[in-house]
1. Counting alpha carbon pairs within less than 8 Å and at least 6 residues apart, what relative contact order, in whole percent, applies to region 26-172?
2. State log₁₀ I(q)/I(0) for the chain at q = 0.08, 0.09 Å⁻¹ as given by the Debye formula over alpha-carbon point scatterers of equal weight, solvent excluded.
3. Can you put S219, S34, S132, S57 in order of Cβ neighbours within 10 angstrom, beginning with the fewest?
4. Please compute the net charge surrounding V134, taking Lys and Arg as +1 and Asp and Glu as -1 over other residues with Cβ under 10 Å from its Cβ.
5. Taking K and R as +1 and D and E as -1, what net charge do the other residues with C-beta under 15 Å from the C-beta of C67 add up to?
6. log₁₀ I(q)/I(0) of region 1-147 at q = 0.09, 0.12, 0.16, 0.20 Å⁻¹, via Debye over equal Cα point scatterers, no solvent, to two decimals?
7. Once you keep just the Cα pairs under 8 angstrom separated by 6 or more residues, what percentage relative contact order results for the chain?
8. What is the gain in length, in nm to one decimal, between D184 and R252 on full extension, counting 0.36 nm per residue of separation less the C-alpha to C-alpha distance?
Amino acid sequence: MTPMNVPRTKVMTAEQVAAGLESGMTVGIGGWGSRRKPMALVAAVLRSPVRDLTVVSYGGPDVGMLCAAGKVRRVVAPFVTLDSIPLEPHFRRARQAGEIEFTEYDEGMFMFGLLAAAHRLPFLPTRAGLGSDVLRVNPELRTVRSPYGDGEELVAVPALAMDVALVHLNRADPRGNAQYLGPDPYFDDLYAKAAARCYVSCERLVDTADLLKEGPAQSLLISRSMVTGVVEAPGGAGFTACEPDYGRDEERQRRYVETGRDDEQG
């Protein structure tokens, strides 16, 4: 029996997701570089009037497109890459032109920021970043000293709390349970937990009973309890890879590099 407070369906359109965003929000975008990015949702955001976003991402073309469209005020990321093209060109241009602010963390620090937000903690301590220029280029970062006998000094990574998270998975059911079938979860579950609202796009909606037909229970990455809405979007990762459903479309990515747009995603 379905509990009274759990809707039987959370199915939405990408346009409805974008309509729920407001200018000035902090938006987390899942995936990694040019891999399993929620590009159908990003395209809907591009068509919307929102601006001045803070984007939290293991960045790829999601960040580049939003920067190229003038939607971004600040990027928080450990990198912004297209994988087979090391530096995302549209993010790089916006950064070099001074059009956006940039908070750059070590990859491990970024993960600890997601973990802190997911667990509703103000920060988490880590050794990542010590001895590097991360503390110099981020003067707002603080260190803490272990209260135990070792007295070790550690970086206190602040929680990367988000208003909204956008992620793309291979399969989902109408209630928002979502499954990845590829080689890596890309921390999408942390985005879902760290955000006040999470929207999941998927390659295919399936019945709940069918979720385990293509992968084990461990592949059920995101619980319906974390999800506000789910969008069926075949090909919704755009030209980024969404294995095993499809790989990265290198020719389409090259066209994006030249134009700053992905016309096939609308």
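Every number in this text was worked out from the coordinates using simple rules, so none of it is lab data. Source: prediction; values computed, not measured. With ideal geometry, Cβ positions are generated from the backbone for all residues, glycine too; neighbour counts draw on all protein chains shown.
1. On the way: 286 pairs, mean separation 36.7, N = 147.
Result for region 26-172 is 25 percent.
2. Values, matching the q order: -0.31, -0.40.
3. Details: S219 18, S34 28, S132 12, S57 25.
Ranking S219, S34, S132, S57 by Cβ neighbours within 10 Å, fewest first, gives S132, S219, S57, S34.
4. On the way: positive: R136; negative: E104, D106, D133.
Taking every other residue near V134 into account, the sum is -2.
5. Values: positive: K37, R51, K71, R73, R74, R92, R93, R95, R261; negative: D52, D62, E88, E99, E101, E104, D262.
Charge balance near C67 sits at +2.
6. Ignoring solvent entirely, the Cα scatterers give -0.34, -0.58, -0.94, -1.27.
7. Details: 616 pairs, mean separation 57.2, N = 266.
Relative contact order for the chain comes out at 21 percent.
8. Numbers: separation 68, 0.36 × 68 = 24.48 nm, distance 2.30 nm.
Full extension from D184 to R252 adds 22.2 nm.
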